[in-house]
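The values are calculated or read from the model by the stated rules, or taken from the named source; none is laboratory data. Values in this document were obtained by computation on a predicted structure and should not be read as measured data. Because the Cβ atoms are built from the backbone with ideal geometry, glycine has one as well, and the counts that use them run over all protein chains shown. Keep in mind that these areas ignore ligands, DNA and RNA; they rest on the heavy atoms of the full protein, side chains included. Shrake-Rupley method; radii C 1.70, N 1.55, O 1.52, S 1.80 Å.
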Amino acid sequence: MSEEVKTETTVGNPPDGAKNTEEPTQEQTTQTVPYDRFKEINDAKKAKETELEQLKAQIAAKEAKEAEEAGQFKALWEQEKTAREAAEQAQKRIQLDFFKEAELAKAGYTGERLATVKALVTGDTEEALTAQITSFKEMFPPVHYADPSVNNGGQRPTPPATNDAEEKAREVARKIFKRKGAR
């Protein structure tokens, strides 16, 4: 058992006077994919995905035609009804989301705060959303920052006027530096 401990310590820590001759010489090579090959693979993937969607559409159309021929109009009607209801619900969600964002923007919320409040406001109707937005506006009023250009009318401040003594000193300094540069 003591031998195992000795071998473990000597592997990690070489004894005095011994040099570790094994240096890590493996270089990590990074292989990049050429753009042409990358584009080729992506184009092939997109083509297969579109082909798959077309095949799914063809299978659905074939099943619908077979059901129609078999007289299963009720099943077809129910499928179309569920698809239509799903589309109407998605449209309603999009309209409510747009209404919510527009009302929050009117209330004065912008940027990151708009996104935060938008996530917290929930409702199924425009009236419920309006009531929640009003309560949010009372609890967390929107921040209105002052426009910095209001005080000066958008003009740049004029630099302070220099007096004659400063101007004369600058002129003398220019002449001195000019002479030193000529030598």
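Could you check the range 108-118 and list, in sequence order, the residues that are surrounded by 10 or more Cβ atoms within 10 Å (Cβ to Cβ) and assigned to a helix (DSSP H, G or I)?
Within the range 108-118, Arg113, Leu114, Ala115, Thr116, Val117, Lys118 meet the criteria.
Residue-wise test of (1) open to solvent by 80 Å² or more (accessible area, probe 1.4 Å); (2) in contact with a Pro (Cβ under 9 Å, 6 or more places away or on another chain); (3) under 30 Å from Tyr145 (Cα atoms).
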| site | (1), (2), (3) |
| --- | --- |
| Val33 | yes, no, no |
| Ala47 | no, no, no |
| Gln58 | yes, no, no |
| Ala64 | no, no, no |
| Gly71 | no, no, no |
| Gln91 | yes, no, no |
| Leu96 | no, no, yes |
| Lys106 | yes, no, yes |
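What's the total number of residues in the range 146-169 that are at pLDDT 70 or above and within 53 Å of the chain's Cα centre (by Cα)?
So the count comes out to 5.
Within the bounds of the range 61-72, is there any residue that is of a type in the set (Lys, Arg) and modelled with pLDDT of 90 or more?
no
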